[in-house]
Amino acid sequence: MCSGVFLLAAAGLLDGRRVTTHWAREQQLVREHPEVDVDCEPIFVRDGRVWTSAGVTAGMDLALALVEDDLGRGIAHAVAREMVMFLRRPGGQSQFSVALWSKEPATDPVRAAVSAIHADPGAPHTIADLAQNARLSPRHLQRRFTAEIGMPPASYVERVRVEAAQRALAEGHDPVEAIARYCGFGTSETLRRTFHRHLGVAPSDYRARFRSTTSDAEPHQEQERS
């Protein structure tokens, strides 16, 4: 469970196997044990007789999967209801992680492009606009950005927009349609499809799961003051 996977890897028991661990430990596991196939999107992974899971609560998801494997879906459902849990939790680890998905820019032109994207995620950010800001040709910026950041500019823009929408959903009260517009997705349907592709959940489900208790309380406090 979680970082316990390092002990199994050090013992050589995971060579060639697909495993998972906590998203914050992914790169360390990849560096220290390149012989292991690390996949940190799933909550838990089964590879033959070896089961691995992400954080502490993911161990509970793994335990339910073991119950289902040994005793069947009906018993697992009953246990999940008793524990007030999902039998299978929606989405993967990416809905919980912070921005560990890109590298730091190494040169000023790419740093300028990255800064422009983060300053206003909802702006168009075409390769021509970013290149002008970085004072490079579009083709040169495309190559340099991809080499330094590990993904092309368009993919980076999309990831930053997803993070902006995550914050807006968790911390604010704006409707999904408005968040889609000012985060650069245009429509709520585009936001929904992008969320499913990156996080495995719908925006409304993400908001219900991660909404700040403080943000929930604020409207009531304002009503009381008025």
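In the list Arg161, Arg181, Arg139, Arg144, which residue meets the criterion of being without any contact (Cβ under 8 Å) to a residue 60 or more places away in the chain, exposed (fewer than 13 other Cβ atoms within 10 Å of the Cβ) and part of a helix (DSSP H, G or I)?
Just a single option satisfies the conditions, and that option is Arg139.
Counting just the residues of the stretch 124-146 that are among the aliphatic types (A, V, I, L, M) and at pLDDT 95 or above, which one comes out farthest from the chain's Cα centre (by Cα)?
Leu136
Suppose we filter the stretch 164-174 for residues that are in contact with a Ser or Thr (Cβ under 9 Å, 6 or more places away or on another chain) and in a helix (DSSP H, G or I); how many remain?
Qualifying residue count for the region: 4.
Name every residue in the stretch 184-195 that is closer than 14 Å to Pro121 by Cβ, surrounded by 15 or more Cβ atoms within 10 Å (Cβ to Cβ) and out of contact with any Cys (no Cβ under 9 Å at 6 or more places or on another chain), in order of residue number.
Gly184, Phe185, Thr194
Among the listed residues Thr194, Thr187, which satisfies the condition of being within 22 Å of Val114 (Cα to Cα), modelled with pLDDT of 95 or more and assigned by TED's automatic domain parsing to the domain that holds Ile117?
So the residue among Thr194, Thr187 that is within 22 Å of Val114 (Cα to Cα), modelled with pLDDT of 95 or more and assigned by TED's automatic domain parsing to the domain that holds Ile117 is Thr194.
In the list Arg192, Arg159, Arg143, which residue meets the criterion of being of a type in the set (Lys, Arg) and under 23 Å from Glu26 (Cβ atoms)?
Within the list Arg192, Arg159, Arg143, the selection yields Arg159.
Inside the stretch 48-88, can you point out the residues that are touching a residue at least 12 places away in the same chain (Cβ under 8 Å) and of a type in the set (S, T, N, Q)?
Thr52, Ser53
The values are calculated or read from the model by the stated rules, or taken from the named source; none is laboratory data. Keep in mind that this is a model prediction, so the values were computed, not measured. Ideal geometry is used to build each Cβ from the backbone, glycine not excepted, and the neighbour counts take in all protein chains shown.
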